[in-house]
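Please read the structure below before turning to the comments.
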Amino acid sequence: MSEATATSAKTKGKLAIYWAASCGGCEISILAIDEKILDVGNAFDIVMFPCGADGKVRDVEQMPDGAIDVCLFNGGIRTSEQEYMAQLMRRKSKVLVAFGSCASEGCIPGLGNMSDRKQIFDTVYKEGSSTYPVNPKDERPQAETKMPEGTLHLPIFYDTLKTLDQTVDVDYYLPGCPPEAENIWKAIVAILEGKLPPKGSTIGVNTTVCDECKRTRHEKKIKKFHRTWQIIPNEEECLLEQGLLCCGLATRAGCGSLCPQVNSPCIGCHGPNDGVEDFGARLMSAMASVIDSNDPEEIDGIIKDGIPDPVGTFYRFSLAKSLLRRKNKAAIAN
């Protein structure tokens, strides 16, 4: 019996896992702890796990407040239903964990904040879209639709995607897209043994991917950024020094530098270290420091040619959590 199982054998806790605006990869990543999932089963009754089991919201609603020991909540908040579930799981859970990048920072769904609700729906429903041949009248989802049998209700699609902590109080954060199995297990053990860090902490290490990376580094000076498909990088030297935009110098460690290990630059899915208010701004500052030029025109050329999508590059995972949060409505209108 593992230490975690022994610790929990006296009283079996209740665990909830919920999936909001995300791809669901965080839910699947839990299974990557392999046979340790049996220890989780010995330690917890799983009361909600939409991806893996049939659970009813009404069953959770009927629980006393605080009845769930831990909720791993992945995904951002895009709809009224997800907002309700975040509030419900917060009320019913002693410990609420923002599980993965979508809950913590907004992640890829958060890039939808570059558009408003109308633009998103136009892309899906207007003439020329993939749905138009079966929806030529351009009919769009309504919150309420009157039918002979009664009124049908759909969740309201919000204009702006929010992170979990922009909606409810969050106790801990577990970063990653998705979190690594080793880190998931460490977090579970810490919960079972009562060895969690102070509330509000990110469960993991407070250093950078560069510190974990074993590639050879020299003084970083960049004259040109390459797209990943343009070059085959040397497998021994720092990818950033070879002109690939590697986010490791500004990204929280804890992944084992898995991407650089396979000759692919870090894309920043573990988010910022402690004390960094805006990951994108931190990354831009770090990249600016390695551009080997003082000529504004040359610098503009380096950026334009090598970084054609600044928002998707610097705020790929963190736009919804950033100081920017979303594109200005006036800019969208124009």
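Where a number appears in this text, it was derived from the coordinates with a stated rule and is not lab data. These figures come from a predicted structure and were not determined experimentally. A quick note on method: Cβ atoms are made from the backbone with ideal geometry, for glycine too, and the neighbour counts reach across all protein chains shown.
Considered as a group, the residues in the range 207-252 that are of a type in the set (G, A, S) and touching a Gly at 6+ places or on another chain (Cβ under 8 Å) include one that is surrounded by the fewest Cβ atoms within 10 Å (Cβ to Cβ), and that residue is G243. Of the set (1) in a helix (DSSP H, G or I); (2) surrounded by fewer than 17 Cβ atoms within 10 Å (Cβ to Cβ); (3) not acidic (D, E), all apply to S29 but (2).
The condition (being in contact (Cβ under 8 Å) with a residue 40 or more places away in the chain and outside any helix (DSSP H, G or I)) is satisfied by just one residue among D165, D159: D159. Whenever a residue of the range 293-315 is β-branched (V, I, T), its partners that are assigned to a helix (DSSP H, G or I) and surrounded by 14 or more Cβ atoms within 10 Å (Cβ to Cβ), lying with C-beta atoms within less than 6 angstrom and at least six residues away or across chains, give the pairs I307/T313. The residue that is surrounded by the fewest Cβ atoms within 10 Å (Cβ to Cβ), counting only those in the range 161-206 that are β-branched (V, I, T) and in contact with a Gly (Cβ under 7 Å, 6 or more places away or on another chain), is V205. Of all residues in the range 100-153, those being not in a loop (DSSP other than H, G, I, E, B) and not β-branched (V, I, T) number 26.
In the range 276-296, the condition of being outside any helix (DSSP H, G or I) and crowded, with 23+ Cβ neighbours inside 10 Å is met by no residue.
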